[in-house]
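The values are calculated or read from the model by the stated rules, or taken from the named source; none is laboratory data. Here the structure is a predicted model, which means the values were calculated and not measured. All Cβ positions, glycine included, derive from the backbone under ideal geometry; neighbour counts span all protein chains shown. Just so you know, the surface numbers come from the protein's heavy atoms only, side chains and all, with ligands and any DNA or RNA stripped out. Shrake-Rupley method; radii C 1.70, N 1.55, O 1.52, S 1.80 Å.
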Amino acid sequence: QVELVESGGGLVQAGGSLRLSCAGSGRPFSRYAMGWFRQAPGKEREFVTSISQSGGTTYYANSVKGRFTVSRDNAKNSVYLQMNSLKSEDTAVYYCAAGGVLSSGTYCPNYWGQGTQVAVSS
């Protein structure tokens, strides 16, 4: 079992930045590829980004590529999401996940955090 706790959400103006953090506990954090997902009101949860166990490989949704950066610190059992140039369409609850990556590159979450709200005002 892995427990994940997100933090860092809030209200920000369009064009601004936020940094989300996710702290893990339980099974060895470094065993898992980590991911970030988001869910806007009335929409399905969608993939945002993932990072491999070592941090050497990352994937991004096209909608955030070039604006968001994922990183991790295995010594601190933490993963981060730096979000720059935020847009109103980035408004959502952001979830951290621990899981793995298939050979196709598809990220498969096994554990979820409780989510943190990000609201971007235009």
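Annotations
- Against the test of being open to solvent by 10 Å² or more (accessible area, probe 1.4 Å), in a strand (DSSP E or B), at pLDDT 95 or above and not aromatic (Phe, Trp, Tyr), the options Gln82, Gln114 yield a single qualifying residue, Gln82.
- Residue list for the range 45-79, filter: within 16 Å of Gly99 (Cα to Cα), open to solvent by less than 40 Å² (accessible area, probe 1.4 Å) and out of contact with any Lys or Arg (no Cβ under 6 Å at 6 or more places or on another chain): Thr49, Ser50, Ser52, Val70, Arg72, Ser78
- For the range 88-106, a residue qualifies if it is exposed (fewer than 14 other Cβ atoms within 10 Å of the Cβ), over 11 Å from Gly35 (Cβ atoms) and either touching a strand residue (DSSP E or B) at 6+ places or on another chain (Cβ under 6 Å) or at pLDDT below 95 (or both), and the qualifying residues are Ser88, Leu102, Ser103, Ser104, Gly105.
- Restricted to the range 3-64, the set of strands (runs of 3 or more DSSP E) holding at least 1 residues that are more than 23 Å from Ser122 (Cα to Cα) comprises 18-26, 33-39, 46-51, 58-60.
- Residues (of a type in the set (A, V, I, L, M, F, W, C) and either touching a helix residue (DSSP H, G or I) at 6+ places or on another chain (Cβ under 7 Å) or over 13 Å from Ala98 (Cα atoms) (or both)) located in the range 35-44: Ala40
- Applying a threshold of 9 Å to beta carbon distances and a minimum spacing of six or more residues, or different chains, the list of pairs starting in the range 3-21 at a residue that is closer than 10 Å to Val79 by Cα and ending at one that is among the charged types (D, E, K, R) reads Leu20/Glu6; Ser21/Glu6.
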